[in-house]
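Let me begin by presenting the structure, written as structure tokens, before commenting on it.
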Amino acid sequence: MRRLALSDKKLRNIPRRLRAISRWADSFEGWFLEHFPLRRGFENFKIPVIETLVEGKQTTPAIQAHCAQQLINAAAHLIQARPDETPECWVVAAILVPDMFSSEVCVYIDKSRYLGSTLPFEYDYFRQTRITGRSLANEWGLIVPPGLHEVGFHFIHEDEDGEQFESEHWYFGEVSSSDEDPGGDRWKYKTFKAFQAEHPHLFSTAT
């Protein structure tokens, strides 16, 4: 169960919690979205743990690596289960360090949102640059299934007072090491708009 930690109370039943996130990842096997969140442009599945399991002084590298692996496994299951006739979309596991409680698996329907997350950018108060020469998978001993790729970014948020907050954003799944639009070789069946027009009942109007 995903929840914030309201105190620094000692975390109990860690093995049970790790088994629970493994079951969560396994639940994606053979399953894919039945409805597409049109207005949001993406569907996300946040890491289903209590905050102190993956952040703060109670976590360990082994715990973080186990949880990261389950996010990657969930993304791999979604990619494997996606029907060939599904409209264009991209499946990505996002692992944020040290803010790991913000990690998630995303299915992007909107290409601009997908590219806005998985390519470098620079705005007034936010910028994201590629990490080169390193691999979180190598550092944490993660297994990246065939067909999935890894990219890392150095993310900086600067507030109005000039104070900077830095983190690393690692993406596993349908991502590219190139700054170019990855294109649509996979989408040989239908474009998103064509699929939407033929199947309007599949698209949620919720924001």
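The values are calculated or read from the model by the stated rules, or taken from the named source; none is laboratory data. Bear in mind that the values here come from a model prediction, so they are computed numbers and not experimental data. A quick note on method: Cβ atoms are made from the backbone with ideal geometry, for glycine too, and the neighbour counts reach across all protein chains shown.
Out of the residues in region 123-135 meeting the condition of being within 15 Å of A94 (Cα to Cα) and not basic (K, R), tell me which one is surrounded by the most Cβ atoms within 10 Å (Cβ to Cβ). Checking each candidate, the answer is Q128. Within region 30-47, the presence of a residue that is assigned to a helix (DSSP H, G or I), under 22 Å from S135 (Cα atoms) and either without any contact (Cβ under 8 Å) to a residue 12 or more places away in the chain or under 13 Å from the mean Cα position of the chain (by Cα) (or both) is excluded.
Evaluated against (1) under 16 Å from the mean Cα position of the chain (by Cα); (2) outside any helix (DSSP H, G or I), L71 falls short on exactly one condition, (2). With respect to being at pLDDT 95 or above, under 17 Å from L148 (Cα atoms) and either of a type outside the set (S, T, N, Q) or surrounded by fewer than 20 Cβ atoms within 10 Å (Cβ to Cβ) (or both), V97 falls outside the description.
Can you find a residue in region 110-127 that is among the polar types (S, T, N, Q), in a loop (DSSP other than H, G, I, E, B) and out of contact with any His (no Cβ under 9 Å at 6 or more places or on another chain)? There is no residue in region 110-127 that is among the polar types (S, T, N, Q), in a loop (DSSP other than H, G, I, E, B) and out of contact with any His (no Cβ under 9 Å at 6 or more places or on another chain). If the condition is being at negative phi, exposed (fewer than 15 other Cβ atoms within 10 Å of the Cβ) and over 16 Å from the mean Cα position of the chain (by Cα), then region 136-155 contributes N138, E139, P146. In the set A25, A94, only one residue is in contact with a His (Cβ under 8 Å, 6 or more places away or on another chain), closer than 28 Å to R134 by Cβ and part of a strand (DSSP E or B); that residue is A94. Annotation: A5 fulfils all but one of (1) among the small types (G, A, S); (2) at pLDDT 95 or above; (3) not in a helix (DSSP H, G or I); the unmet one is (2). Annotation: of all residues in region 30-65 being farther than 26 Å from Y114 by Cα and hydrophobic (A, V, I, L, M, F, W, C), the one that is surrounded by the fewest Cβ atoms within 10 Å (Cβ to Cβ) is A62.
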